[in-house]
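Derivation of every value follows stated rules applied to the coordinates shown; laboratory data play no part. This is a predicted model, so every value here is computed, not measured.
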Amino acid sequence: MACPKSKTEDGFETHFGVNHLGHFLLTNLLLDRMKASAPARIVNVSSAVYFLGKIYFDDINLDRGYNRILAYGNSKLANILFTRELAKRLEGTGVTAYCLHPGVIDTELTRHLNSVALGIIGFLRVTFRRLIFKRPRQGAQTTIYCAVDEITAQESGLYYCACRSVEPLRKATDDVSAEKLWEFSEHLTNAHKFLPTAPASWRSNVPFSENEKKAWKTILFILLLLRCPAKVCCKLYLIQKQDLKPPFRFIHA
Ligand SMILES: NC(=O)c1ccc[n+]([C@@H]2O[C@H](COP(=O)([O-])OP(=O)(O)OC[C@H]3O[C@@H](n4cnc5c(N)ncnc54)[C@H](OP(=O)(O)O)[C@@H]3O)[C@@H](O)[C@H]2O)c1
């Protein structure tokens, strides 16, 4: 998350390449085996940060302007759209697909953040650790719920948070974008060299403007400040608690 601007060996922006294309390709390579062993489930771990995301089909490497948090958000939005389209394509096969926000978990995910953001997170860790951050064991619960619970066996293509399905924002339920992302990813994982000649239909009309970047940075900064008040902490605490309540059944290793 929030890596400095960099590319994968294949030349893709790191977040998009690692968080989306890698999973897209791996899933597709395993699909025949999964269908043969149905019932089977595919679980994609997304993030609530998807709400900042947007898929720039004509600037997938974000060469026009790079912001590390937005790049992460784009890849997490891609996870949700991918899951949606995957579920559609898997209808009737016995293979189901899920994506989820696991919560805010105390992991190494923040390792690439800059020193100011790390300072704020460090302060929150020390002061509000038990209220804000889940331990990795708790953070795995929604993923396990999607992977094994009997209720979710009948569902596919949905987005989960705190062990229940929730309706994501419209940009994450846009079937046209989901299909377009699928076809785009298929081309990228087969022959990424075609990128400079991407068809006009893949080009988005809205540029990644400087104003847009500034606006998102301001929103992020305000959100970070607002996370401190007790009200937010209590809400997060309640969400953490709810994770461990029925219908979820705790899985022992
Ligand atoms: N932690 C949270 O609060 C949170 C919130 C929402 C969503 N998530 C999602 O949960 C998932 C797991 O994250 P986590 O919290 O467990 O973070 P983590 O402890 O940092 O684990 C991330 C994993 O990604 C691998 N990775 C990192 N950079 C990579 C790269 N450039 N190429 C290939 N692999 C790379 C790491 O491998 P190495 O260990 O080998 O470096 C590690 O296995 C992610 O999809 C994240 O978006 C986490």
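Some points to look at:
- Once the Cα-Cα distance is subtracted from the 0.36 nm per residue extended length, the residue 118 to residue 66 segment shows a gain of 16.8 nm.
- For segment 161-179 and segment 65-93, distance of Cα centres in Å: 9 Å
- Under 5 Å from the amide H of residue 160 lie the amide H atoms of 99, 100, 101, 166, each residue being 5 or more positions distant or on a separate chain, with H modelled from the backbone and absent for Pro and chain starts.
- Summary of the geometry: segment 8-33 and segment 35-63, compared by the centres of their Cα atoms, lie 10 Å apart.
- For segment 14-206, DSSP calls about 20 percent of its internal beta bridges antiparallel.
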